[in-house]
Amino acid sequence: MAETPAPIRIAACGCVTPFGDAQASHAALIRGECALRRVPVLGNDGGDPVPLALMPGRPLDETAPPGWLSSVKGLAERLPPGAWGSPGRPVFVTGSNFGVGGLYALGRTGNAAFASWGALPTCTEQLRLALGWGPDVAILSHACVSAHLGLLEATRAIEAGAADEALVLSFDFLSPFVAGGFHSLKILNSEFPAPYRERASGAIGLGDGAAFAVLARGRGDWTLEGQGVYNEMHHFTSNRADGSGFARCLEAAAGAADGRRVWFKGHGTGTLDAGRLEVAEASRAFPGSPITGWKGSLGHTLGSCGLVELAIAIESVRSGIAPGTIGGPGEPMGPSVALDNFGTRGFDGVVCASNAFGGAHAAFLLCHA
Amino acid sequence: MRLFFSAMLERHIDLLFTDDAGGESPAATRDRLKGLFPPGSTRRMTTLGLLVGAGLSRVDPGEDDALVYASGYAESCALEGFLGSFPTPSPTLFQTSIHPSAVQQSLIGRQRPIREFLPMSGSSLLAFHAVRASLLMAAPRCVLCGGEERGTWLLEHGLASGRTFAFAAALTRERTGAAIGTLGISRDGGGGALGLAPFFDLLRERKAFDGMVAPGWRLRLKWN
């Protein structure tokens, strides 16, 4: 009789935000602190002040080598030792705007020193060399669901025997490129975000962030179940108004959560239509589950948000208290929206969801093993 | 305990579309392919969006198929245009320049949802990573597509492709009567690399391949 393989678990996980590591970030959220500060949208080139959460001391403008590299190196020092990027130990780098700060600086200054950190492949290759990894470093980039895809791909690689263990590393650090882009869409403006709250107009904040997760068979305290994705392909920046795309995405997590009490860590950027849709569909799929979101403090860490917020969700379960939704004022979009911190001891798991351009949705159920 | 094993992951190639635009101008590519898209929809599409979209229109991914998209530099011309639009950045070019815009331009234009969509980037191992992702997908049918478009000033800095091309292949778990080839990877000793353009050439020329494409990984491409 064949031996049943051990389940895949999160063997290690961590993040860095402007507040510090996962523990410090969680503690700051519990205290209701906000990392967002108004910064000129184009950095040294000026422009409207917009809410950005930058790493302490890091300017929005890119340097060569990038100022954010020390944050990623510091995070990488907390990885389990080993030959990452070698056969059997692949790396999945995920994110949505890494490299583009170098492109912006190159375009503005013509300084070729920025080129080696510009664009997804070149930036990742420089990082790979800086961290001493082997060549098996894949890049997944699908806007704000990128990190979820890395976790899904890593899980599948291990399930299929294509990897012994896998590292998912996600990083997104802001630049005038991405701040200017979101400002041009008018959703990044002078207002601070108030996720899941009714107000006259929506607004988002953006944040620096990086995180990692190591997945392995039979090692670690945490499981990812019901990993689901769905791509509406309805509109570049809007979801289907009836919520059907997000509902399809949540099917797998809802199936995995069947009969268990869960809380819901949503995307919650601060835009109104998306917030209402999230609250409606999460309440439908997980009746009575409290809904929380942390981008009103951390800002939206873009392609890395799924992994940064996973690390904080783990810290929430570990500590027994989850941060409520930060940002205000305004009435909550539904009775399930948790504005205050709440205890996690009475729950069996947390559903973590992210949403992206193109009507892309992703979710999973995180449980203690 | 070491679990990494050497079994081959394999799928059958059911449909294949390749387009090597060569030295064709973006305007000529648009004119050549616009008939494949709804009237008026190609005005804001990128060259890569047109080429990838043309491939997708032929292999026609369904909602329950999986889709893997590979492009190292993606929408280089839209990126150049967006960068050139500062200090008043263009919202349209911002959206268009974001990976994986080429696929979204096509599938949003045709209102074609898809459950699993895995957009990838990379360089010397990109073809291996995209093939591995395709072979790991749970869906019985997976569409593997990709391509590049030639940049201008970004190319001078090594930050864009020097070629314009695209491909789309429908890969199935079960062999059908329409199968034209097989694509598989297996664990092996030694090292190697296979970027997207050389992989595209193998597909375009229907050329068999059996060699190392990444450290520890062999790729076999066979044609019926």
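The values are calculated or read from the model by the stated rules, or taken from the named source; none is laboratory data. From a predicted model like this one, the values you see are computed outputs, not experimental measurements. Neighbour counts run over all protein chains shown; Cβ positions are idealised from the backbone, glycine included.
Anything in the stretch A:311-369 that is under 18 Å from the mean Cα position of the chain (by Cα), at pLDDT 95 or above and of a type in the set (Val, Ile, Thr)? List them, or say none.
Within the stretch A:311-369, A:312, A:314, A:317, A:325, A:350, A:351 qualify.
Under 8 Å between Cβ atoms, which residue pairs at least 6 apart in sequence (or on different chains) link something in the stretch A:345-364 that is part of a loop (DSSP other than H, G, I, E, B) with a partner that is of a type in the set (Gly, Ala, Ser)?
From residues that are part of a loop (DSSP other than H, G, I, E, B), the pairs are A:345/A:320; A:348/A:257.
Would you call residue A:128 more than 10 Å from chain B (Cβ to nearest Cβ) and either among the β-branched types (Val, Ile, Thr) or in contact (Cβ under 8 Å) with a residue 60 or more places away in the chain (or both)?
So residue A:128 does not fit the description; no.
Of the numbered conditions (1) in a helix (DSSP H, G or I); (2) small (Gly, Ala, Ser); (3) surrounded by fewer than 24 Cβ atoms within 10 Å (Cβ to Cβ), residue A:296 fails exactly one; give the number of that condition.
(3)
Could you grab me the full set of residues in the stretch A:108-162 that are in contact with a His (Cβ under 6 Å, 6 or more places away or on another chain) and either modelled with pLDDT under 95 or surrounded by fewer than 24 Cβ atoms within 10 Å (Cβ to Cβ) (or both)?
A:115, the sole residue that qualifies.
From the list A:177, A:173, pick out the single residue that is within 9 Å of another protein chain (Cβ to nearest Cβ) and touching a Gly at 6+ places or on another chain (Cβ under 8 Å).
A:177
Is it true that residue A:203 is outside the structural domain of residue A:249 (by TED's automatic domain parsing), closer than 27 Å to residue A:323 by Cβ and assigned to a loop (DSSP other than H, G, I, E, B)?
yes
Filter the stretch A:232-285 down to residues that are in contact with a Cys (Cβ under 9 Å, 6 or more places away or on another chain) and part of a strand (DSSP E or B) and give me whichever is surrounded by the fewest Cβ atoms within 10 Å (Cβ to Cβ).
A:262
Kindly evaluate residue A:238 against the criterion of being out of contact with any strand residue (DSSP E or B) (no Cβ under 6 Å at 6 or more places or on another chain), under 30 Å from residue B:53 (Cα atoms), of a type in the set (Ser, Thr, Tyr) and not assigned by TED's automatic domain parsing to the domain that holds residue A:200.
In short, yes.
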